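Working notes, beginning with the structure itself.
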Amino acid sequence: MNPNKALWEKGDFTRIAETMRESGTALVAKLGISKGLNVLDLGCGDGTTAIPGAKLGATVLGVDIASNLVEAGNIRAKAEGLTNCSFREGDATDLHELEDGSFDMVVSIFGAMFAPKPFDVAREMVRVTRPGGRIVMGNWIPGDPTLVAQILKTSAAYTPPPPEGFISPMLWGVEDHVTERFGSAGVAKENISFSKDTFTFNAPYTASELVNMFKNYYGPTMNAFEAAEKNGKSLDLQHELEALFNSQNQSTTGNTTSIPATFLRVTVIR
């Protein structure tokens, strides 16, 4: 099996996505999505940004490599009564089933950044966007002190080194790498812009319980715990993540969690 597909089908990312709904809706509201637009949401999960986009009137296609998330997205769209939102399985490195220039906007929030072959990903996003259309990516930033970058950094310390040739998904959070990748797909540097933005994880339970959600349902963290267990270090990892989550929890209400995480918002004009 494709290892990227295996990673994202391993857990149940919908459990994490439930903590991201409010920020997903808020982000989509800032993107200028409106009725009549054709939007591709790439690496869409179960629709954290695809469904809010459809609610604004756009026709939205969500594409994700994980079949369980595609199924969950279609269930959510049906439950919301959204006939203008559908989900299908696909690989961000090869969108051969989608025609050139068929979307007014391509959105990928913490999705396509995790696909291998980043130059292929950039090329495919540019290819399926119409001339004058926009690509918007949300990418976690390496070394950033906020939650997700620190989860991934901590987890990496407990896992074996990646295979030779592995390209870190976090490089999508470095402006020079983003510019190089879209440049190789024919986009001029002046058509690429960057801003820092915030996504907040909100949960109606404690920060320690949110750690357990990542431990049990988020593929990269699941892998880290499996590796730590083999080395007798799973408790160390648990304690390290609990300290991280609790230190960053900004909720003022007991037994709830609100943790902001900084990301790089990339806007590309085709």
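The values are calculated or read from the model by the stated rules, or taken from the named source; none is laboratory data. These numbers come from a predicted model, not from an experiment. Here Cβ is always computed from backbone atoms with ideal geometry, including for glycine, and neighbour counts include all displayed protein chains. Remember, those area values only see protein heavy atoms, side chains included, never the ligands or the DNA or RNA. Shrake-Rupley method; radii C 1.70, N 1.55, O 1.52, S 1.80 Å.
Here are the numbers for the structure shown:
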{"quantity": "Filter result (open to solvent by 50 Å² or more (accessible area, probe 1.4 Å) and either among the small types (G, A, S) or in a helix (DSSP H, G or I) (or both)) within the range 1-28", "calculated": "P3, K10, R15, E18, R21, E22, T25, A26"}
{"quantity": "Single residue of the range 101-141 satisfying the filter (within 15 Å of the chain's Cα centre (by Cα) and aromatic (F, W, Y)) that is least open to solvent (accessible area, probe 1.4 Å)", "calculated": "W140"}
{"quantity": "Residue count for the range 194-218, restricted to those that are farther than 16 Å from W140 by Cα and not aliphatic (A, V, I, L, M)", "calculated": "11"}
{"quantity": "Single condition E226 does not satisfy, out of (1) open to solvent by 60 Å² or more (accessible area, probe 1.4 Å); (2) closer than 20 Å to W8 by Cβ; (3) touching an Asp or Glu at 6+ places or on another chain (Cβ under 9 Å)", "calculated": "(3)"}
{"quantity": "All positions within the range 29-68 that are among the hydrophobic types (A, V, I, L, M, F, W, C), open to solvent by 10 Å² or more (accessible area, probe 1.4 Å) and farther than 24 Å from E9 by Cβ", "calculated": "A29, I33, L37, L56"}
{"quantity": "Within the range 50-109, tally of residues that are under 22 Å from G132 (Cα atoms) and either among the basic types (K, R) or without any contact (Cβ under 8 Å) to a residue 12 or more places away in the chain (or both)", "calculated": "2"}
{"quantity": "Extreme residue, farthest from the chain's Cα centre (by Cα), among residues of the range 165-207 that are surrounded by 15 or more Cβ atoms within 10 Å (Cβ to Cβ) and farther than 29 Å from R270 by Cβ", "calculated": "T206"}
